[in-house]
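The values are calculated or read from the model by the stated rules, or taken from the named source; none is laboratory data. Source: prediction; values computed, not measured. Cβ: placed from backbone, ideal geometry, glycine included. Neighbour counts: every protein chain shown.
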Amino acid sequence: MSILIDKNTRLIVQGITGRDGGFHASQMVAYGTNVVGGVTPGKGGMKTEDGVPVFDNMEEAVNETGANTSVIYVPARFAADAIFEASDAGIELVVCIAEGLPVRDMLSVLPYVRERGTRVIGPNSPGVISPGRSKVGIMPGDIHKEGNVGVVSRSGTLTYEIVYHLTVNGIGQSTCLGIGGDPVIGTNLLDAMDLFANDPETDAVVLIGEIGGNDEEKAARIIKDGYPKKVAAFIAGRTAPPGKRMGHAGAIVTGGTGTAEEKIKAFADAGVEVAETPAQIAGIISGLL
Amino acid sequence: MKIHEGDARGIFAAFGLPVPPSRFITKAEEAGPVAEELGCPVVVKAQVLVGGRGKAGGVKLASDPIEAVEKAKAILGMDIKGLTVEKVLIAKAVDISKEFYVGMVVDRITRKPLMMISAEGGIDIEEVAKSAPEKILKVVIDPITGLLPFQTRKMASFLTSDKDVARQLGPVFRSLYQAFMEIDSSLAEINPLVVSPDGKVWAIDAKINIDDNSLYRHEDIRALRDDSMEDAGEVEAREADLSFVKLDGSIGCIVNGAGLAMATMDMIKYYGAEPANFLDIGGSSSPEKVLSAMKIILRDKNVKAILVNIFGGITRCDDVAKGLLEAKKRLGIDIPLVVRLTGTNEEEARELLRGTELVSADTMDEGVKKAIEIANA
């Protein structure tokens with residue numbers, strides 16, 4: 001098994017005729033993801049170079065293909081509408097790669113999708129990959145390897161860095177999930193931990209957190225109270241100055257909370273080893289398994 | 001994005017909050033006529049985008065127009081936490097018999113708007129949240145229903161038992177919520193909200209931060225941005241669509257992705273040096289972006305070595321390599337560059353950089369160590 005995506009994933013790419021959407025649709029097809037269609041309003045009827053049919057809207061796309069998952073590569077100002085449309089069409093999992101969505105858009109998206117039973121990953125997410133089965137996102141597929149370690153992260157490239165070290169040390173992954181760097185996201189660290197807790201093929205979880213918010217502290221509390229998987233962590237932003245947004249909209253220390261120090265301490269209190277450099281994660285996980 | 005108190009007061013007033021009238025001035029002598037017009041006493045307030053203006057001596061009361069000019073003269077040009085006061089606000093003063101705190105943020109846990117109030121106004125809310133959390137009432141607002149009447153009643157009675165004051169608080173909470181949502185605010189505070197001796201409620205300070213991602217739909221608010229309040233490099237970076245934060249160390253960093261950029265800074269510190277900046281060139285980076293990034297870093301004379309750390313996904317390593325070579329040619333860089341490029345098109349990138357004086361590194365650890373070694377040489 002794995003979480004969120006596997007061989008049964010039937011994917012629609014929203015924004016498939018755009019530069020990023022087109023490129024990554026091909027990459028996902030090459031990886032073996034079952035890309036059943038794409039949507040771009042006004043471009044319905046055409047096919048991509050890989051032979052993926054393009055539809056004008058999500059309802060039609062879902063009716064024609066039986067899709068259960070979508071991935072969003074549209075510009076930020078149209079992204080909330082793309083999520084609403086996917087959810088309305090009955091999509092179960094929406095992965096929003098688009099970044100730069102206003103927080104207020106997400107405040108109206110989340111209750112809407114919850115009512116319709118849709119899970120949203122992101123926005124500002126690098127996507128999800130269950131190595132060897134399916135990839136929905138923008139991460140380079142070849143650095144991953146099938147295995148039993150779950151990875152959840154608020155970052156993109158930092159996750160690649162850490163996954164790369166896992167893979168070269170022979171540690172494979174069940175699923176790697178980038179939850180996104182925004183302050184308000186569809187699936188947070190705690191939601192992801194729940195998903196991994198219930199996955200029999202995941203034996204250990206790598207949590208990659210960063211400054212801002214208090215989800216890492218809450219995660220530490222859950223681990224302390226008895227989490228069924230082994231956990232290793234990395235926290236980015238030890239050297240980040242307070243009050244400054246560090247690239248991600250959600251990566252900011254405000255009013256003295258959300259610091260790396262607090263998060264590291266919370267993990268230490270819960271008995272979770274926190275790596276000081278990305279490369280150290282592999283060693284910590286090897287020790288746990 | 002942060003905006004000045006004077007502009008925030010204007011927005012609050014437009015949403016119906018009881019804000020005493022005020023005017024911006026940039027020359028001390030303008031304070032006299034403004035004070036005359038508003039009616040004395042007035043408060044003369046430094047307009048800088050940092051907290052703690054009062055403690056720094058940037059807020060003074062003036063009882064007549066002559067005193068207003070004197071106080072304005074003293075405050076204009078003052079340095080508050082590294083920022084020069086170029087504008088002051090002259091506001092009609094209000095006598096205070098009671099002070100409250102009222103603020104709003106988006107709560108990351110419930111993923112909903114959150115109003116926070118306290119009967120201890122004028123305080124540092126974050127400090128109170130830690131030392132005496134029972135003094136703060138937090139009310140989560142469902143964006144589908146908006147602020148509900150029972151919630152405003154609960155908040156009003158948390159602050160006061162005075163019926164006349166409570167009656168005025170309901171509209172204050174509603175207006176603040178409405179303003180917060182409509183302008184895509186990430187933080188909106190009235191600190192303090194006061195009751196004057198005649199029993200009237202006034203918002204005598206205003207703070208609003210706006211969600212940067214929403215600015216495309218708020219042209220009027222975007223125009224309120226004051227670039228003089230930020231580091232010149234940070235302004236230039238924003239215009240080039242890069243995320244940049246200036247720090248005090250000697251190792252410049254160019255990284256793709258915010259998490260990896262922070263991890264790079266942290267690793268520099270871990271190996272015993274200090275980073276000069278945070279810089280994320282973002283995904284799908286073009287050679288032009290790398291060139292802009294290089295220009296911004298080179299403004300900083302403390303930089304002794306520059307580390308380029310790229311894990312290519314959407315970002316193509318050969319694009320970054322081209323940008324680096326272009327920067328080297330156009331900017332005449334004499335600071336050593338250490339380059340670590342992994343991922344998409346790394347072979348092509350390596351080919352492009354072969355035979356140049358750029359120092360290459362295979363891993364992030366090696367790159368950081370080499371950069372530090374060179375900077376210390």
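Listed by position, the strands (runs of 3 or more DSSP E) contained in the stretch B:84-189 that have at least 2 residues being within 13 Å of chain A (Cβ to nearest Cβ) are B:98-107, B:112-118, B:136-140. All conditions in (1) modelled with pLDDT of 95 or more; (2) over 15 Å from the mean Cα position of the chain (by Cα); (3) closer than 24 Å to A:Asp199 by Cβ hold for A:Asp142, with the sole exception of (1). Going by what's in this entry, would B:Asp162 be described as of a type outside the set (A, V, I, L, M) and either at pLDDT below 95 or at positive phi (or both)? Here the answer is no, as B:Asp162 does not meet what is asked.
Can you find even one residue in the stretch B:90-108 that is exposed (fewer than 15 other Cβ atoms within 10 Å of the Cβ) and either among the basic types (Lys, Arg) or under 29 Å from the mean Cα position of the chain (by Cα) (or both)?
Step one: of the stretch B:90-108, the residues exposed (fewer than 15 other Cβ atoms within 10 Å of the Cβ) are B:95, B:97.
With either among the basic types (Lys, Arg) or under 29 Å from the mean Cα position of the chain (by Cα) (or both) added as a condition, the list becomes none.
No: zero hits.
Name the residue, out of A:Ala236, A:Ala204, that is surrounded by 18 or more Cβ atoms within 10 Å (Cβ to Cβ) and either more than 28 Å from A:Lys135 (Cβ to Cβ) or within 13 Å of chain B (Cβ to nearest Cβ) (or both). Reasoning before the result, please.
Values: A:Ala204 fails: either more than 28 Å from A:Lys135 (Cβ to Cβ) or within 13 Å of chain B (Cβ to nearest Cβ) (or both).
Of the residues listed, the single one that is surrounded by 18 or more Cβ atoms within 10 Å (Cβ to Cβ) and either more than 28 Å from A:Lys135 (Cβ to Cβ) or within 13 Å of chain B (Cβ to nearest Cβ) (or both) is A:Ala236.
Matching residues to (1) without any contact (Cβ under 8 Å) to a residue 12 or more places away in the chain; (2) in a strand (DSSP E or B); (3) within 11 Å of chain B (Cβ to nearest Cβ):
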{"position": "A:Asp142", "(1), (2), (3)": "yes, no, yes"}
{"position": "A:Val149", "(1), (2), (3)": "no, yes, no"}
{"position": "A:Val152", "(1), (2), (3)": "no, yes, no"}
{"position": "A:Tyr160", "(1), (2), (3)": "no, no, yes"}
{"position": "A:Thr167", "(1), (2), (3)": "no, no, no"}
{"position": "A:Cys176", "(1), (2), (3)": "no, yes, no"}
{"position": "A:Gly181", "(1), (2), (3)": "no, no, yes"}
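In this structure, does A:Lys218 turn out to be surrounded by fewer than 21 Cβ atoms within 10 Å (Cβ to Cβ), more than 26 Å from A:Asp142 (Cα to Cα) and among the basic types (Lys, Arg)? Yes, satisfied. Cβ-Cβ contacts under 6 Å between residues 6 or more apart (or on different chains), taken from a first residue in the stretch A:101-112 that is within 7 Å of chain B (Cβ to nearest Cβ) to a second residue that is of a type in the set (Asp, Glu), are listed as A:Pro102/B:Asp184; A:Pro102/B:Asp211; A:Val103/B:Asp211; A:Arg104/B:Asp184. Kindly check whether there is at least one residue in the stretch A:39-57 that is surrounded by fewer than 23 Cβ atoms within 10 Å (Cβ to Cβ) and touching a residue at least 40 places away in the same chain (Cβ under 8 Å). Within the stretch A:39-57, none of the residues are surrounded by fewer than 23 Cβ atoms within 10 Å (Cβ to Cβ) and touching a residue at least 40 places away in the same chain (Cβ under 8 Å).
Has the stretch B:315-327 got at least one residue that is among the polar types (S, T, N, Q), in contact (Cβ under 8 Å) with a residue 24 or more places away in the chain and crowded, with 23+ Cβ neighbours inside 10 Å? There is at least one residue in the stretch B:315-327 that is among the polar types (S, T, N, Q), in contact (Cβ under 8 Å) with a residue 24 or more places away in the chain and crowded, with 23+ Cβ neighbours inside 10 Å. Where residues in the stretch B:214-257 are assigned to a helix (DSSP H, G or I) and among the small types (Gly, Ala, Ser), which of them is farthest from the other protein chains (Cβ to nearest Cβ)? Here the residue is B:Ser228. Number of residues in the stretch B:1-54 that are buried (at least 19 other Cβ atoms within 10 Å of the Cβ), of a type in the set (Gly, Ala, Ser) and not in a helix (DSSP H, G or I) equals 2. Residue count for the stretch A:74-90 under the criterion of being out of contact with any Asp or Glu (no Cβ under 9 Å at 6 or more places or on another chain) and in a loop (DSSP other than H, G, I, E, B): the result is 1.
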